Amino acid sequence: MVQAQPLQHVGNGAGKEDQAYFDPSAPPPFKIANIRAAIPKHCWEKNTLRSLSYVLRDVLVVTALVAAAIGFNSWFFWPLYWPAQGTMFWALFVLGHDCGHGSFSNSPLLNSIVGHILHSSILVPYHGWRISHRTHHQNHGHVEKDESWVPLTEKVYKNLDNMTRMMRFTLPFPIFAYPFYLWSRSPGKEGSHFNPYSNLFSPGERRDVLTSTLCWGIMLSVLLYLSLTMGPLFMLKLYGVPYLIFVMWLDFVTYLHHHGYKQKLPWYRGQEWSYLRGGLTTVDRDYGWINNIHHDIGTHVIHHLFPQIPHYHLIDATKAAKAVLGKYYREPQKSGPLPLHLIKYLLHSISQDHFVSDSGDIVYYQTDSQLHKDSWTQSN
C-alpha cells in the first residue's frame, strides 16, 4: 500500500515544476555500488593527523573563548561569547560524531579516546549515543526502526497527552529536545542512552555504555564542583548557556537533515524500505560561514550512505556522486553568511509534519489541523 504523494512546496527556488512531477519514492535506477564507484579513491582515505588538527583547532578556540570570558566577565561580552562558544561545542560534537562512525581514524582505540573526551566535555554519553546513532544510519527513513526524529504514527500521535504534543510541535521546545531524548528516547520508544541494560544495547555493548555513562558522570561532577567554587551563576554563563545553544544547533541541524524540504519526502516500511531508498530521503543543507566551523556536516546525503568517509572529503564525494544521483539529489539552497533561510523550513515543517499513517509501506507526513486550536482551547 502506497500513500498518495503530497505535492507541496515551501519557499522559493528554481526547479519547482520539475520537482512537482518527480516522485522521490520511486525506486532509483541505480544501486549503491554505482554511487560508491563514482566517488574518488582519495575520499575514502582517513588522515589521522588531519583529524587531530581539527580537534586541536576547536579546542584552542574553546579555550580562548573561556579565557576571554573569565577575563572580561562583563555583560557586554557575554552575549558575544554565548553563541560563539555554543557553536564551538557543536563543532566538538561533530568531531566526536566522526569518532563514533570510525571516520576519524583507522584506530578504534584512538576514536574511542578522542570521542569520549569530546563528547563527555559537552555532556554526551559517547558510546550510548554512538550505538543509537549507528541504528539511525542503518535504518534511516524507516518509520518504525529509525532512531533520530522518527515520525510518530497516527495511533501514537493521538495517544500523546496534550502537553507532550505541544512540546514536540511548538517552537522553541523541539530544539531543546536532545537532553530529554538521551534520557528517555522519543515518544513511542523506550530506553535510555545512560542505562547499559536499555533495549537500545546488546549485552556485548553494556561495558562500553557503562564506561561512557561514568565519563559523563565525572564531567557532571566537575561542573558541580566548579559551580560551588566559582558560583552557579558564573558557571551558568560560562558553560550552561553555551550548552543550551549547542543543543539548539544539534536539534536544528539534525531535524532539517530529515525534514522540511520544499517537497514532502517519503518514509518507508516493510519491503519498500531499503538502505539506499532510506538514505536518499536525507537532505543536504548550506550553513554559510558555519559550514567550515561545523565540519561540513551539511553534506548529509553522502554522509548517511557512506558514514565512513571523513568529513573533509564529503564535499568532493558529493560532487562526484551527483552525476549518479540525478534528481534524487536535492541541491541545497545557498545560504548567506548565517543560515537564516533555514528558519522558514523549520517553522513550516513543525507546523505541518505531525504524524504518518499507521499502515502503508510508503507514507508521508500528515497535518493535524486542530493541534494548536485544541491546545489554545484547553489552555484557556
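Which residues, counting only those in the stretch 119-146, are farther than 15 Å from THR211 by Cβ, open to solvent by less than 20 Å² (accessible area, probe 1.4 Å) and under 15 Å from the mean Cα position of the chain (by Cα)?
SER132, HIS136, HIS137, HIS140, GLY141, ASP146
Any idea which of (1) at pLDDT below 95; (2) of a type outside the set (A, V, I, L, M, F, W, C); (3) open to solvent by 60 Å² or more (accessible area, probe 1.4 Å); (4) over 27 Å from TRP249 (Cβ atoms) is the one ASN162 doesn't satisfy?
(3)
Can you say whether ASN106 is in contact with a Ser or Thr (Cβ under 9 Å, 6 or more places away or on another chain) and in contact (Cβ under 8 Å) with a residue 24 or more places away in the chain, as far as the supplied structure shows? Write out each step before concluding.
Working: in contact with a Ser or Thr (Cβ under 9 Å, 6 or more places away or on another chain): yes; in contact (Cβ under 8 Å) with a residue 24 or more places away in the chain: yes.
Yes; evaluated as a whole, the condition is true for this residue.
Considering only residues that are open to solvent by less than 50 Å² (accessible area, probe 1.4 Å) and touching a residue at least 24 places away in the same chain (Cβ under 8 Å), which ones fall in the stretch 62-81?
The answer is VAL62, VAL66, ALA69, TRP78, TYR81.
Take the stretch 134-178 and flag every residue that is of a type in the set (A, V, I, L, M) and either touching an Asp or Glu at 6+ places or on another chain (Cβ under 8 Å) or farther than 20 Å from PHE246 by Cα (or both).
Of everything in the stretch 134-178, those that are of a type in the set (A, V, I, L, M) and either touching an Asp or Glu at 6+ places or on another chain (Cβ under 8 Å) or farther than 20 Å from PHE246 by Cα (or both) turn out to be VAL143, VAL150, LEU152, VAL156, LEU160, MET163, MET166, ILE175, ALA177.
Find the helices (runs of 4 or more DSSP H) located wholly in the stretch 46-136 whose residues include 3 or more that are over 29 Å from PHE180 (Cα atoms), and list them. Give the steps one after another, and end with the answer.
Working: elements: 48-72, 78-101, 108-121.
Output list reads 48-72.
Give the residue that is farthest from ILE245 (Cα to Cα), with candidates limited to residues of the stretch 182-202 that are aromatic (Phe, Trp, Tyr) and in contact (Cβ under 8 Å) with a residue 12 or more places away in the chain.
PHE201
Before we move on, is THR299 farther than 21 Å from LEU118 by Cα, β-branched (Val, Ile, Thr), over 15 Å from the mean Cα position of the chain (by Cα) and modelled with pLDDT of 95 or more? I'd like the intermediate steps shown before the answer.
On the way: farther than 21 Å from LEU118 by Cα: yes; β-branched (Val, Ile, Thr): yes; over 15 Å from the mean Cα position of the chain (by Cα): no; modelled with pLDDT of 95 or more: yes.
Spelling it out, it is not the case that THR299 is farther than 21 Å from LEU118 by Cα, β-branched (Val, Ile, Thr), over 15 Å from the mean Cα position of the chain (by Cα) and modelled with pLDDT of 95 or more.
If you go through the stretch 147-159 one residue at a time, how many are out of contact with any strand residue (DSSP E or B) (no Cβ under 9 Å at 6 or more places or on another chain) and open to solvent by 20 Å² or more (accessible area, probe 1.4 Å)?
3
Here is a check on your reading of the model: is ARG36 open to solvent by 80 Å² or more (accessible area, probe 1.4 Å), modelled with pLDDT of 95 or more and touching a helix residue (DSSP H, G or I) at 6+ places or on another chain (Cβ under 7 Å)?
Against the criterion (open to solvent by 80 Å² or more (accessible area, probe 1.4 Å), modelled with pLDDT of 95 or more and touching a helix residue (DSSP H, G or I) at 6+ places or on another chain (Cβ under 7 Å)), ARG36 does not qualify.
The rows are residues; the columns are (1) among the basic types (Lys, Arg); (2) modelled with pLDDT under 95; (3) touching a helix residue (DSSP H, G or I) at 6+ places or on another chain (Cβ under 9 Å).
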{"position": "GLY188", "(1), (2), (3)": "no, yes, yes"}
{"position": "PRO196", "(1), (2), (3)": "no, no, yes"}
{"position": "ASN199", "(1), (2), (3)": "no, yes, no"}
{"position": "LEU210", "(1), (2), (3)": "no, no, yes"}
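Check every one of the helices (runs of 4 or more DSSP H) wholly within the stretch 276-380 and list those with 1 or more residues that are open to solvent by less than 10 Å² (accessible area, probe 1.4 Å).
Fully inside the stretch 276-380 and qualifying: 300-305, 314-325, 342-352, 371-379.
Take the stretch 204-232 and flag every residue that is of a type in the set (Val, Ile, Thr), free of Cβ contacts under 8 Å to residues at least 24 places away in the same chain and closer than 21 Å to TRP183 by Cβ.
VAL222
State whether the residues of the stretch 235-252 include one that is in contact with a Phe, Trp or Tyr (Cβ under 6 Å, 6 or more places away or on another chain) and among the aromatic types (Phe, Trp, Tyr).
Yes, the stretch 235-252 contains a residue that is in contact with a Phe, Trp or Tyr (Cβ under 6 Å, 6 or more places away or on another chain) and among the aromatic types (Phe, Trp, Tyr).
When you go through (1) within 17 Å of SER349 (Cβ to Cβ); (2) free of Cβ contacts under 8 Å to residues at least 60 places away in the same chain one by one for PHE169, which number turns out not to apply?
(2)
The values are calculated or read from the model by the stated rules, or taken from the named source; none is laboratory data. On a predicted model such as this, the values are computed, not experimentally measured, just so you know. For neighbour counting, all protein chains shown are included, and Cβ atoms are generated from backbone atoms with ideal geometry for every residue, glycine included. All accessible areas refer to the heavy atoms of the entire protein, side chains included, with ligands and DNA or RNA removed. Shrake-Rupley method; radii C 1.70, N 1.55, O 1.52, S 1.80 Å.
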